[in-house]
Amino acid sequence: MDKSNIVIQSVKALTMPQVEIQATNGKVYISDLKEYSAVKCFPKNQVEWEKVGITTHGFNLTWSSRFEVHVDQLIDTSISESDILLQA
């Protein structure tokens, strides 16, 4: 119960179907969402893929096509995890 929720701080659409997020746990994740490509509302091309945003509370990413994934799904499908590099 003393564990806090992970929230998405920023998102960058990479080459479809990959996306990069920075999270409040101090990590950067690159996730490959190809396993969701059969979902009807999954973005159809790179232009749609780049129309992604973070929901109000930071727990989900939503695309203009109405495709949505939760932060836990992004972490589960991550192909890369690294610490956020602080810059002065």
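Mind checking whether some residue in region 3-25 is charged (D, E, K, R) and in contact (Cβ under 8 Å) with a residue 40 or more places away in the chain?
no
Out of region 43-67, which residues are farther than 11 Å from Leu33 by Cβ and part of a strand (DSSP E or B)?
Gly53, Ile54, Asn60, Thr62
Of all residues in region 35-74, count the ones that are open to solvent by less than 40 Å² (accessible area, probe 1.4 Å), closer than 17 Å to Met16 by Cα and either in contact (Cβ under 8 Å) with a residue 60 or more places away in the chain or hydrophobic (A, V, I, L, M, F, W, C) (or both).
Count: 8.
The values are calculated or read from the model by the stated rules, or taken from the named source; none is laboratory data. Every value quoted in this text rests on a predicted model; they were computed, and no experiment measured them. Cβ: placed from backbone, ideal geometry, glycine included. Neighbour counts: every protein chain shown. Side chains included, ligands, DNA and RNA excluded: accessible areas come from the protein's heavy atoms. Shrake-Rupley method; radii C 1.70, N 1.55, O 1.52, S 1.80 Å.
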